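S.K.: Quick one: the structure is below, questions incoming.
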Amino acid sequence: MGLLDILFGGGKKKVSKETAETRGQHMPDLNLPVDEKFTIHFKKNGGKFIYCVSQQEISSALQSIIEENSWEKEPFFVMDSRLSEKFSKEGILFTDKPKESQVFFTTCEHLIAQNGSILVCSNQLNERKVNELPSNVVVFATTSQLVESIGEGLKTIKRKYGAKIPANITTLKHFKATEENSDDFLTYGSSTKNLYLLLLEDL
């Protein structure tokens with residue numbers, strides 16, 4: 001099985017009759033583990049991700065993504081120098097100018113199980129809006145960044161940064177064209193992205 005085939009949630013979890021009646025047929029059970037709930041919502045949003053258990057698998061998955069999209073000569077736009085240093089041996093071209101790239105390579109603050117979104121802030125975006133970024137996004141994250149809700153994610157950010165809470169907190173949520181418009185204030189001004197998530201097991 002290729003690394004691009006190692007996707008969470010290959011099969012559908014059976015939903016009880018009571019749950020289906022109270023929450024709707026396509027809504028995840030409230031009692032699902034946080035990782036499974038995130039998977040269901042993330043895939044529903046149109047996101048693509050690869051679960052990896054080692055840095056070697058992350059490297060292989062990243063190369064597969066590059067080959068799949070013919071990005072061998074495409075520079076990756078990065079705003080976090082630690083990320084470009086971490087992947088410096090992958091043969092990837094990096095740039096700090098978004099207009100020179102079709103791919104934004106980034107980390108995140110948290111993965112939100114509640115709606116399958118990715119919580120980011122000025123640590124990843126600086127002062128840029130989501131619609132100012134390239135249309136293709138590759139996110140590197142770890143399983144320890146999974147949280148149940150946006151509220152929990154915001155509380156964790158507050159505990160982590162104390163008085164120096166980062167600005168420009170928003171979520172990446174729309175990974176495919178959709179007729180539905182979100183009323184989530186954290187996604188205001190966002191735009192649809194072709195998004196890959198490289199998820200490293202660290203728990």
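S.K.: For region 152-168, enumerate the residues that are part of a helix (DSSP H, G or I) and charged (D, E, K, R). So that I can check it myself, show each step before the final result.
M.R.: Here is the first cut: in region 152-168, the ones part of a helix (DSSP H, G or I) are 152-161.
Of everything in region 152-168, those that are part of a helix (DSSP H, G or I) and charged (D, E, K, R) turn out to be GLU152, LYS155, LYS158, ARG159, LYS160.
S.K.: Just need a number here: residues in region 122-139 that are out of contact with any Lys or Arg (no Cβ under 8 Å at 6 or more places or on another chain) and under 26 Å from VAL34 (Cα atoms).
M.R.: Going through region 122-139 one residue at a time, the tally reaches 6.
S.K.: Same structure again: I need a count of the residues in region 143-170 that are open to solvent by less than 50 Å² (accessible area, probe 1.4 Å) and touching a His at 6+ places or on another chain (Cβ under 9 Å).
M.R.: Qualifying residue count for the region: 7.
S.K.: Residues being modelled with pLDDT of 95 or more and in a loop (DSSP other than H, G, I, E, B): count how many of those fall in region 135-150.
M.R.: Within region 135-150, residues that are modelled with pLDDT of 95 or more and in a loop (DSSP other than H, G, I, E, B) number 2.
The values are calculated or read from the model by the stated rules, or taken from the named source; none is laboratory data. In this text the structure is predicted, and so the values were computed from the model without any measurement. Please note: Cβ atoms are built from the backbone with ideal geometry, for glycine as well, and neighbour counts cover all protein chains shown. Side chains are part of the model used for accessible areas, which takes the heavy atoms of the whole protein and leaves out ligands, DNA and RNA. Shrake-Rupley method; radii C 1.70, N 1.55, O 1.52, S 1.80 Å.
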